[in-house]
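> Shown below is the structure under consideration.
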């Protein structure tokens, strides 16, 4: 601790940080541009000048940059000093001489750090009468719009993009006052974290292109605290709605998970919520091939209950992309013995194994923030930037943290970003990756191996054996791999906090068992390790904890007529299992009820379709890969501006359907009741009650506001429908109101913050007002509860080590490769993601390409036991020969790990004819 | 002392009565509205219009400042972007049954687009008729501000005005040159 004196007041601060950080943490306003809590100090913009005094008697003082001055014990500074104020005012005047007269047509306006800082310093008249420098813009792809005139040269963009996120294709060009930030030529920004530029840039140079077409100022958006549904990391987001459409996703600060940054899939993949073809009314088809009629709510429920009453047995198919509450209500409807998780058996086996490992391998699961503090990482069979991108960014920070270690040895403070980076150069903490193809983290790895899944597992088993001799040894291991294993083991053992990362992306249980063995070995030998296992979907972890039969079981029950009706919850079965088996099962069912928010292939096969709410229109709880149960809240009421819609949360539909089925009178329920039921029903999920405050939570006796207090147009936005304004929508489920009325301040600590705003702070930098210290944790604690804790006990090593991979003649092993863009079901329905996604291609080793006599771009069919997939070929130099890389997110006709034939499409067709 | 107060009071009363009586001979201020038309001063705050710039293009750039300034929140609009790069309101709605004609929208407008006019004859039998859409608001002239042309000042490039062609702008920097 250190004592500093600011304008005559004594404050206690942590002492390890710079003065700017300390002042902001104390809640004092100091303007700044180039500094960012995650990027450190470079002292480039000169905006944060304060006056520092030598001692009590010093009255003259000297101007210093607060971001470059340590908050040492006994420091005396003045922020209010006249000379310091004048200095800051003139700095911003210089920065503004070339700034265009753009605010009305700038998409940063209203949440602009430059506007905030200009107001804070009091600069309001332009004195410079000469010409403004201008720049041409670049086309940076479907996500980011570029308007270079607005740049104030703070360098934050390249420092984030290159130094923090490891991007290569954004740079600073030019010299003196001609500096240009962009790519070497027009083109898509390659980094999957490019979207953060919109929040990192203090002005409107980089703005959200997906938001541009339907742009709305931040003060006009209705927000709610939400959780990203596009992967299993559980990043916190603030989705903003206007006129009944989701308009943008902003980062919501969570001190343990995403902190300041999101990946582009999470930020730009929301478009499916706004699709015109979404079901908005219940649909009824007496026969499956009928066109379908729309129904009112009561009629739909009566029809549904009628049909379900008539059949002998109903089963339910849940979904890992639906909330725990919805899955629980489905389970209540169909009974424990009729509930399927809706996950294919192979994936479910991996998920259960991951669950067991997380609990019994002896190593805890670190939060993404803790991942950044590990100093050696072994990644087995995961391409994190494709499967859990935000976690990949955390692993990159773990590797780069070596720079800070080196700096600490030389007494350079960790926040001295430029010095730390110059010192660190290419020194990284060791990261080892075993994965069939190159990954986005390769540039920080100590070593990487392009291996087939079985060989990845063998490498893992060998590492475990090297760490702990009692772990099973791998027989007939080639000397190279043995050497590699020895090296990895030595580096992991030498580390303070070794981390093992694996997951179900490749669908290989052997890899997971190997990762488990390494974790177990480390838990016996090392001090503080961690194990992170990547799941695929937002609620995969939660659904595994809830339990249920795999999807194949449900299809089998239907096909064999042991069940004659099925209720499918937010799950497109055609995305999970090959179409013939799905179609056969659905055709055999007498009644198919589907709840979904997308018009999927499964929806089209339903007798009764109930329009479910997406994450933006419902409340619920999901469990992330670190076992954190987090609540997401409804952002808007879809019926407010489109009164004809009948969208309801799935758990509400299912509760009403059950009540109708049992002829109960009370059909409605609230979120809190459902959560309490759910927590009672599954002991492992008992903690979800505490994941967020319940609907009775109040601050100063007020509910919490979803809308900023400057929200405009309340008395006009609905006036074209009816000039008489209805009462605002009520929310019995959460402590939030669909209104600007309610608490939205920062002085009372609260976990669930819909949007960050503080007087004078309209930009995302306002989050600094909500945290205990800048870049720390929310003052009321970070949202969510951890449900997974490692239990001591079960430390038995897995012994089933697979044989080494051997290529087969005429057969290729299918390796499913996750894709950040296009590899996930719902975000793939958003136009910008489709535009960004690379065209799917089959990856083959260069050797195999030559052997097959095809060249890049040729079409080739992969024929597995359940179906085939035709794609164009692309050679991948590092891919091991004998495997074929198939991009995930396409029709599920192939299974990971199966041996498939390759044929030219015409040959494939010929063979099919022969078979007929 | 008391007598003096009585005298002063009486004089004051009589003077007031006299002044009131003299009003009977003054020029009549009341108009027989609506038979006689009323001419309001040009800066009177009545019906709101959206104006056009000197080139005849819509002035409104959908920046939302009028909406946020409106104390009764009776303005709502949506930004759109036309082919030539200009921002414009896709819809622009004023609920005049809520409007209090305070003129804050006009104060806030950075492009002189929204202006209050001295027309106050807006009575309707149906409240719904008081909801004005863009076609009801947009007029064919520049209103009170004859010259202002936002895009000539702004840095945003639009068709016909590239980067560096706005007022007080230098030609765009060529970042590939090494010359000073």
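> Of everything in region A:366-382, what is surrounded by 22 or more Cβ atoms within 10 Å (Cβ to Cβ) and under 21 Å from residue A:464 (Cα atoms)? Give them in sequence order.
A:366, A:371, A:374, A:376, A:377, A:378, A:379, A:380, A:381, A:382 - these are the residues of region A:366-382 that are surrounded by 22 or more Cβ atoms within 10 Å (Cβ to Cβ) and under 21 Å from residue A:464 (Cα atoms).
> Now a separate question. Go over the candidates A:200, A:188, A:205 one by one and state the one that is away from every other protein chain (no Cβ under 14 Å), farther than 29 Å from residue A:633 by Cα and touching a residue at least 24 places away in the same chain (Cβ under 8 Å).
Details: A:200 fails: farther than 29 Å from residue A:633 by Cα; A:205 fails: away from every other protein chain (no Cβ under 14 Å).
Sole residue among the options that is away from every other protein chain (no Cβ under 14 Å), farther than 29 Å from residue A:633 by Cα and touching a residue at least 24 places away in the same chain (Cβ under 8 Å): A:188.
> If you take the residues of region B:85-105 that are more than 10 Å from every other protein chain (Cβ to nearest Cβ) and crowded, with 22+ Cβ neighbours inside 10 Å, which of them is nearest to residue A:214 (Cα to Cα)?
So, considering only residues that are more than 10 Å from every other protein chain (Cβ to nearest Cβ) and crowded, with 22+ Cβ neighbours inside 10 Å, the one nearest to residue A:214 (Cα to Cα) is B:89.
> Among the strands (runs of 3 or more DSSP E) lying completely within region A:786-901, list those that include at least 2 residues that are out of contact with any helix residue (DSSP H, G or I) (no Cβ under 9 Å at 6 or more places or on another chain).
Working: elements: A:812-817, A:841-845, A:859-863, A:868-876, A:883-887.
Where strands (runs of 3 or more DSSP E) fall fully within region A:786-901 and carry at least 2 residues being out of contact with any helix residue (DSSP H, G or I) (no Cβ under 9 Å at 6 or more places or on another chain), they are A:812-817, A:841-845, A:868-876, A:883-887.
> For residue A:784, only one of the following conditions fails: (1) closer than 23 Å to residue A:701 by Cβ; (2) crowded, with 22+ Cβ neighbours inside 10 Å. What is its number?
Only one criterion is unmet by residue A:784, namely (1).
> Still on this structure, I have one more. Only residues that are more than 8 Å from chain A (Cβ to nearest Cβ) and over 31 Å from the mean Cα position of the chain (by Cα): list them for region B:162-175, please.
Result: B:174, single match.
> While we're here: Picking from A:88, A:133, which residue would you name as being in a strand (DSSP E or B) and either touching a helix residue (DSSP H, G or I) at 6+ places or on another chain (Cβ under 6 Å) or within 12 Å of another protein chain (Cβ to nearest Cβ) (or both)? Let's see the steps before the verdict.
Working: A:88 fails: in a strand (DSSP E or B).
Result: A:133 is the single residue among A:88, A:133 that is in a strand (DSSP E or B) and either touching a helix residue (DSSP H, G or I) at 6+ places or on another chain (Cβ under 6 Å) or within 12 Å of another protein chain (Cβ to nearest Cβ) (or both).
> Does region B:109-121 hold any residues that are more than 10 Å from chain A (Cβ to nearest Cβ) and under 21 Å from residue A:713 (Cα atoms), and which are they? Before the answer, list the steps.
Taking region B:109-121 first, the residues more than 10 Å from chain A (Cβ to nearest Cβ) are B:112, B:114-121.
If the condition is that a residue be more than 10 Å from chain A (Cβ to nearest Cβ) and under 21 Å from residue A:713 (Cα atoms), then B:112, B:114, B:115, B:116 are the ones that fit.
> Return the total of residues in region A:760-784 being closer than 23 Å to residue A:114 by Cα and either in contact with a helix residue (DSSP H, G or I) (Cβ under 9 Å, 6 or more places away or on another chain) or outside any loop (DSSP other than H, G, I, E, B) (or both). Steps first, answer last, please.
To start, the set of residues in region A:760-784 that are closer than 23 Å to residue A:114 by Cα comprises A:760-771, A:773-775.
From what is left, the residues that are either in contact with a helix residue (DSSP H, G or I) (Cβ under 9 Å, 6 or more places away or on another chain) or outside any loop (DSSP other than H, G, I, E, B) (or both) are A:760-769, A:771, A:773-775.
Qualifying residue count, region A:760-784: 14.
Yes or no, residue by residue, for (1) farther than 18 Å from residue A:615 by Cα; (2) in a helix (DSSP H, G or I):
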position: A:267; (1), (2): no, yes
position: A:286; (1), (2): yes, no
position: A:298; (1), (2): yes, yes
position: A:306; (1), (2): yes, yes
position: A:309; (1), (2): yes, yes
position: A:320; (1), (2): no, no
position: A:328; (1), (2): no, yes
position: A:337; (1), (2): yes, yes
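> Here is a further query. Being free of Cβ contacts under 8 Å to residues at least 60 places away in the same chain, in contact with a helix residue (DSSP H, G or I) (Cβ under 8 Å, 6 or more places away or on another chain), surrounded by 10 or more Cβ atoms within 10 Å (Cβ to Cβ) and within 14 Å of chain A (Cβ to nearest Cβ) is the requirement here; does residue B:82 meet it?
On the way: free of Cβ contacts under 8 Å to residues at least 60 places away in the same chain: yes; in contact with a helix residue (DSSP H, G or I) (Cβ under 8 Å, 6 or more places away or on another chain): no; surrounded by 10 or more Cβ atoms within 10 Å (Cβ to Cβ): yes; within 14 Å of chain A (Cβ to nearest Cβ): yes.
Spelling it out, it is not the case that residue B:82 is free of Cβ contacts under 8 Å to residues at least 60 places away in the same chain, in contact with a helix residue (DSSP H, G or I) (Cβ under 8 Å, 6 or more places away or on another chain), surrounded by 10 or more Cβ atoms within 10 Å (Cβ to Cβ) and within 14 Å of chain A (Cβ to nearest Cβ).
Residue-by-condition table, conditions (1) in contact with a strand residue (DSSP E or B) (Cβ under 7 Å, 6 or more places away or on another chain); (2) part of a loop (DSSP other than H, G, I, E, B); (3) surrounded by fewer than 23 Cβ atoms within 10 Å (Cβ to Cβ):
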position	(1), (2), (3)
A:429	yes, yes, no
A:433	yes, no, no
A:437	yes, yes, yes
A:448	yes, no, yes
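> Another question about this same structure. Of the conditions (1) crowded, with 23+ Cβ neighbours inside 10 Å; (2) on the phi < 0 side of the Ramachandran plot; (3) within 33 Å of the chain's Cα centre (by Cα), residue A:342 clears all except one; give me its number.
It is condition (2) that residue A:342 fails.
> In region A:624-653, what residues are over 28 Å from the mean Cα position of the chain (by Cα) and either surrounded by 24 or more Cβ atoms within 10 Å (Cβ to Cβ) or part of a loop (DSSP other than H, G, I, E, B) (or both)?
Selection gives A:642, A:643, A:644, A:645, A:646.
> Let me ask you something else. Name the one entry in A:663, A:706 that is within 29 Å of residue A:541 (Cβ to Cβ) and more than 14 Å from chain B (Cβ to nearest Cβ).
Numbers: A:663 fails: within 29 Å of residue A:541 (Cβ to Cβ).
Answer to the selection: A:706.
> Check A:660, A:690, A:668 and return the single one that is in contact with a strand residue (DSSP E or B) (Cβ under 8 Å, 6 or more places away or on another chain) and either under 22 Å from residue A:319 (Cα atoms) or surrounded by fewer than 24 Cβ atoms within 10 Å (Cβ to Cβ) (or both). Full working, then the answer.
Working: A:660 fails: in contact with a strand residue (DSSP E or B) (Cβ under 8 Å, 6 or more places away or on another chain); A:668 fails: in contact with a strand residue (DSSP E or B) (Cβ under 8 Å, 6 or more places away or on another chain).
Just one listed residue meets the conditions, A:690.
> Given A:741, A:751, which one is touching a strand residue (DSSP E or B) at 6+ places or on another chain (Cβ under 7 Å), in a loop (DSSP other than H, G, I, E, B), over 24 Å from residue B:79 (Cβ atoms) and within 14 Å of chain B (Cβ to nearest Cβ)? Walk me through it before giving the result.
On the way: A:751 fails: within 14 Å of chain B (Cβ to nearest Cβ).
Criteria check complete, one pass: A:741.
> For residues in region A:99-128 being in contact with a strand residue (DSSP E or B) (Cβ under 7 Å, 6 or more places away or on another chain) and either free of Cβ contacts under 8 Å to residues at least 60 places away in the same chain or within 10 Å of chain B (Cβ to nearest Cβ) (or both), which is nearest to residue A:89 (Cα to Cα)? Step through it out loud before you land on a result.
Applying the first criterion (in contact with a strand residue (DSSP E or B) (Cβ under 7 Å, 6 or more places away or on another chain)) to region A:99-128 yields A:100, A:105, A:107-108, A:116.
Cutting the leftovers down to either free of Cβ contacts under 8 Å to residues at least 60 places away in the same chain or within 10 Å of chain B (Cβ to nearest Cβ) (or both) gives us A:100, A:105, A:107.
Numbers: A:100: 18, A:105: 25, A:107: 25 Å.
Checked region A:99-128; the qualifying residue nearest to residue A:89 (Cα to Cα) is A:100.
Here's the yes/no breakdown for (1) assigned by TED's automatic domain parsing to the domain that holds residue A:820; (2) within 30 Å of residue A:47 (Cα to Cα); (3) crowded, with 24+ Cβ neighbours inside 10 Å:
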{"site": "A:181", "(1), (2), (3)": "no, yes, yes"}
{"site": "A:197", "(1), (2), (3)": "no, yes, yes"}
{"site": "A:201", "(1), (2), (3)": "no, yes, yes"}
{"site": "A:214", "(1), (2), (3)": "no, no, no"}
{"site": "A:224", "(1), (2), (3)": "no, no, yes"}
{"site": "A:239", "(1), (2), (3)": "no, no, yes"}
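> Return the total of residues in region B:144-160 being farther than 20 Å from residue B:92 by Cβ and more than 9 Å from chain A (Cβ to nearest Cβ).
Going through region B:144-160 one residue at a time, the tally reaches 5.
> I would also like to ask the following. Restricting region A:136-157 to residues that are out of contact with any helix residue (DSSP H, G or I) (no Cβ under 6 Å at 6 or more places or on another chain) and away from chain B (no Cβ under 14 Å), which is surrounded by the most Cβ atoms within 10 Å (Cβ to Cβ)?
Here is the first cut: in region A:136-157, the ones out of contact with any helix residue (DSSP H, G or I) (no Cβ under 6 Å at 6 or more places or on another chain) are A:136, A:138-141, A:146-151, A:153-155.
If we keep only those that are away from chain B (no Cβ under 14 Å) too, we end up with A:140-141, A:154-155.
Details: A:140: 21, A:141: 20, A:154: 26, A:155: 20.
Top of the filtered list is A:154.
> Moving on. If I filter region A:169-180 for residues that are away from every other protein chain (no Cβ under 14 Å) and at pLDDT below 95, do I get at least one hit?
Step one: list which residues in region A:169-180 are away from every other protein chain (no Cβ under 14 Å), which gives A:169.
Checking the rest, the ones that are also at pLDDT below 95 come to A:169.
Looking through region A:169-180, at least one residue is away from every other protein chain (no Cβ under 14 Å) and at pLDDT below 95.
> Might you check whether a residue that is loosely packed, with under 14 Cβ neighbours inside 10 Å and in a loop (DSSP other than H, G, I, E, B) occurs anywhere in region B:109-120?
To start, the set of residues in region B:109-120 that are loosely packed, with under 14 Cβ neighbours inside 10 Å comprises B:119-120.
Narrowing the set further to residues that are in a loop (DSSP other than H, G, I, E, B) leaves B:119-120.
Checking region B:109-120: at least one residue is loosely packed, with under 14 Cβ neighbours inside 10 Å and in a loop (DSSP other than H, G, I, E, B).
> From the list A:627, A:687, A:713, which one is modelled with pLDDT under 95, under 28 Å from residue A:756 (Cα atoms) and within 14 Å of chain B (Cβ to nearest Cβ)? Please lay out each step first, then the result.
Values: A:627 fails: within 14 Å of chain B (Cβ to nearest Cβ); A:687 fails: within 14 Å of chain B (Cβ to nearest Cβ).
Answer to the check: A:713.
> May I ask you to list the residues in region B:49-60 that are surrounded by fewer than 24 Cβ atoms within 10 Å (Cβ to Cβ), touching a strand residue (DSSP E or B) at 6+ places or on another chain (Cβ under 9 Å) and within 14 Å of another protein chain (Cβ to nearest Cβ)?
Answer for region B:49-60, where residues must be surrounded by fewer than 24 Cβ atoms within 10 Å (Cβ to Cβ), touching a strand residue (DSSP E or B) at 6+ places or on another chain (Cβ under 9 Å) and within 14 Å of another protein chain (Cβ to nearest Cβ): B:57, B:58.
> Can you name the residue in region B:122-143 that is without any contact (Cβ under 8 Å) to a residue 12 or more places away in the chain and in a loop (DSSP other than H, G, I, E, B) and, of all such residues, is farthest from the other protein chains (Cβ to nearest Cβ)? Write out each step before concluding.
From region B:122-143, those without any contact (Cβ under 8 Å) to a residue 12 or more places away in the chain are B:123-126, B:128-129, B:135-136; that's our starting set.
Subset that is in a loop (DSSP other than H, G, I, E, B): B:123-126.
On the way: B:123: 15, B:124: 10, B:125: 13, B:126: 8 Å.
Restricting to residues being without any contact (Cβ under 8 Å) to a residue 12 or more places away in the chain and in a loop (DSSP other than H, G, I, E, B), the top hit is B:123.
The values are calculated or read from the model by the stated rules, or taken from the named source; none is laboratory data. Please read all numbers here as calculations on a predicted model, not as lab measurements. Every residue, glycine among them, receives a Cβ derived from its backbone with ideal geometry; neighbour counts consider all protein chains shown.
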